[in-house]
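Report on the following structure.
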Amino acid sequence: MAAISVGDHAPDFSATAHTGETIRLADFAGDKAVVLFFYPKDGTPICTKEACTFRDYYEQFTEAGAQVIGVSSSGDESHRTFAGRHRLPFPLISDTDGALRKAFGVPKTLGFLPGRVTYVIDKHGIVRMTFVAQMTADRHVTEALNVIQALSAAGSEERGARS
């Protein structure tokens, strides 16, 4: 299980979100950056704080051209309850078999807890940020937002130079 690093091409995946929609990383290619955050479990204090902080900054992510997607080992029903209770506007993917964690090389904490890792993937499928921190949920959001806003600004400058 090799961890995905900055500069790597993100592995494509197809998964069903808690809303029933199919999410494919390839569907965002050329259109949107993706913030993919892996968290251990719905409803725990730190995971709830992280998801709610992504919710609170969601508009800033979308304005900068990014889609936020959460991934945990919790099941679809748990995701539906969690998303509804906390008014989460982004899709949550159930990774009950750990295949998506394995594809991205998300490490376990203390050898057994599912890790907390956030990836920023640009419009071309290239990983531009990885942030690993088990106990600092809100930093995942601020670190990702900084990178997304920088990517958005760079894209605006690039479009301006071609005009």
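Worth pointing out:
- Charge dipole of the range 25-131 about the Cα centre (unit charges at C-beta), most positive-ward option of Tyr58, Phe38, Pro91: Phe38
- With distances taken between every two different alpha-carbon atoms, the range 55-144 has a Kirkwood hydrodynamic radius of 14.2 Å.
- Lys pairs under 24 Å by Cα in the chain, provided they are eight or more residues apart or on distinct chains: 7
- Under the simplified labelling scheme, the Ser152-Glu63 pair shows an inter-label distance of 0.7 nm, with each label point 7 Å from Cα along Cα→Cβ.
- Virtual paramagnetic centre 7 Å along Cα→Cβ of Arg85, amide N under 16 Å, in the range 31-54: 40-53
- For the chain, a crude dipole built from +1 on the beta carbon of Lys and Arg and -1 on the beta carbon of Asp and Glu, taken about the Cα centre, is about 260 debye to the nearest 20.
- Per residue, in Å², the accessible surface of the chain once ligands and nucleic acids are set aside, probe 1.4 Å: 49
- In order along the range 123-131, the phi-based Karplus estimate (6.51 cos²θ - 1.76 cosθ + 1.60, θ = phi - 60°) of 3J(HN,Hα) comes to 4, 9, x, 9, 6, 9, 7, 10, 9 Hz; Gly and Pro are listed as x.
- Three-way shape label, the range 18-83, alpha-carbon gyration tensor, a/c 1.5: oblate
- Note on the chain: the C-alpha convex hull projects to 9.0 nm² when averaged across all orientations.
- 222 nm mean residue ellipticity, helices alone, for the chain (DSSP H n ≥ 4; -39,500 (n - 2.57); rounded to 500): -11500 deg cm²/dmol
The values are calculated or read from the model by the stated rules, or taken from the named source; none is laboratory data. Because the structure is a prediction, the values reported are computed rather than measured. Please note: Cβ atoms are built from the backbone with ideal geometry, for glycine as well, and neighbour counts cover all protein chains shown. Just so you know, the surface numbers come from the protein's heavy atoms only, side chains and all, with ligands and any DNA or RNA stripped out. Shrake-Rupley method; radii C 1.70, N 1.55, O 1.52, S 1.80 Å.
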